Amino acid sequence: MCGDDYARYGELRMIMHHIYEFKKGIRSLVLCTVGKRCAEIVAQRLNKQGIDYIVQNVTDDKVNLYFGKKVCLDTVSIFTDKPLNMLTPEEDFMLGAMLGYDIQIQCERFCNRKSKVVIV
């Protein structure tokens with residue numbers, strides 16, 4: 001097993017755990033940034049299990065792979081037409097909340113990002 005295969009194995013193992021959590025109802029939406037080959041393998045698995053997903057290109061060899069409930073993916077697809085670092089404070093807050101991040105930390109992040117916004 002080469003270094004790339006080992007890294008891919010680690011990514012796949014983590015994603016399989018996220019799939020497990022989604023199927024058990026622990027998560028409604030999952031976001032993983034992975035290599036394109038890994039995303040192809042996971043997409044095959046998601047298709048077999050009837051789990052909806054969307055892919056957003058990040059770089060030439062990396063993608064953001066979102067999977068979960070269709071309504072969550074429909075919501076995310078409205079603002080994933082740009083890189084995640086270009087999200088508005090509101091979009092960033094909403095995505096973090098949908099991914100299950102700590103709400104207090106999301107509120108602090110939102111307030112910090114909002115206070116840095118310069119209104120022209």
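The values are calculated or read from the model by the stated rules, or taken from the named source; none is laboratory data. What you see is a predicted model, and the numbers here were worked out from it, not measured in a lab. Every residue, glycine among them, receives a Cβ derived from its backbone with ideal geometry; neighbour counts consider all protein chains shown.
Just need a number here: residues in region 18-54 that are over 18 Å from Tyr101 (Cβ atoms) and touching a residue at least 40 places away in the same chain (Cβ under 8 Å).
Qualifying residue count, region 18-54: 1.
Would you confirm whether or not region 99-113 contains a residue that is touching a Leu at 6+ places or on another chain (Cβ under 7 Å) and not in a loop (DSSP other than H, G, I, E, B)?
Looking for residues that are touching a Leu at 6+ places or on another chain (Cβ under 7 Å) and not in a loop (DSSP other than H, G, I, E, B), one finds none in region 99-113, hence no.
Between Asn57, Asn85, Asn64, which is of a type outside the set (Ser, Thr, Tyr) and in contact with a Cys (Cβ under 8 Å, 6 or more places away or on another chain)?
Asn64
Within the bounds of region 26-35, is there any residue that is among the hydroxyl-bearing types (Ser, Thr, Tyr), exposed (fewer than 11 other Cβ atoms within 10 Å of the Cβ) and at pLDDT below 95?
no
Right, Asp61: touching a Gly at 6+ places or on another chain (Cβ under 8 Å), exposed (fewer than 11 other Cβ atoms within 10 Å of the Cβ) and modelled with pLDDT under 95 or not?
Taking the combined requirement at face value, the residue satisfies it.
Tally the residues that are out of contact with any Phe, Trp or Tyr (no Cβ under 6 Å at 6 or more places or on another chain), among the hydrophobic types (A, V, I, L, M, F, W, C), more than 19 Å from Gly25 (Cβ to Cβ) and buried (at least 16 other Cβ atoms within 10 Å of the Cβ), restricting the search to region 71-100.
4
So for region 6-16 (the condition being in contact with a helix residue (DSSP H, G or I) (Cβ under 6 Å, 6 or more places away or on another chain) and at pLDDT 95 or above), does at least one residue qualify?
no
Residues of region 55-89 being without any contact (Cβ under 8 Å) to a residue 12 or more places away in the chain and among the acidic types (Asp, Glu), which ones?
Passing the criteria: Asp60, Asp74, Asp81.
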